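The structure appears right after this line, and notes come after that.
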Amino acid sequence: MVLVEGRPADCSGRLEKEIRSYDLLDGLGVQYQRIDHEAAMTMEACAEIDRVLDAVICKNLLLCNRQCTAFYLLMIPGDKVFKTSELSKQIGSSRLSFAKPEYMEQFLDITPGSVSVLGLMNDHENQVQLLIDEDVLKGEYFGCHPCINTSSLRLRISDLMEKIIPAMGHEPRLVKL
């Protein structure tokens, strides 16, 4: 695995949603590094990727309330334990659970194992509220998928907060877990 600058020179064979991720970042003038790898479905599978990226690797969880009327994308450090009760109290939404895969595709054009903050570029109707654990913001860099789990990106936290999230039209809510 090799960390390279920017998008692939040849995007043939890549999914449109991955290419849209690179288009978004390039259009915003965001510098990023990329690593291509085997499909990484779990945080455990990301261990070697983490070492190469040298960034805060986030768990990105799509959550919903019991009625499936409110949806949340939670960014939390990969090594942090997630407790629904703590988050529920902070955001005033009881009975949080993981959203079904069909909601991931409907709102974010993402499949399980590929959930990423960059998927919010596909949420044009702002159906998903972005929640960021404050510990994510403590590093200089974070890692995420470009909407597909066969590549990972290293991005600056400052670019996430100042360029990427505003461009996607989502207002992040900071939480402490």
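Structural remarks
- Here the condition is being under 29 Å from residue 54 (Cβ atoms) and out of contact with any Pro (no Cβ under 7 Å at 6 or more places or on another chain); of 120, 96, 130, it holds for 120 alone.
- Cβ separations smaller than 6 Å between residues 6+ apart or across chains give the following pairs from segment 60-78 residues that are closer than 23 Å to residue 139 by Cα to residues that are in a loop (DSSP other than H, G, I, E, B): 60/115; 60/116; 62/99; 62/115; 76/82; 78/43.
- Where strands (runs of 3 or more DSSP E) fall wholly inside segment 60-148, no range has 1 or more residues that are under 21 Å from residue 35 (Cα atoms) and among the charged types (D, E, K, R).
- Residue in segment 43-57 that is farther than 16 Å from residue 151 by Cβ and crowded, with 19+ Cβ neighbours inside 10 Å present: yes
Throughout, read-outs are computed from the coordinates displayed, never taken from laboratory work. Since the model is a prediction, treat every value here as computed from it, not as a measurement. Glycine also receives a Cβ, built like all others from the backbone with ideal geometry; neighbour counts cover every protein chain displayed.
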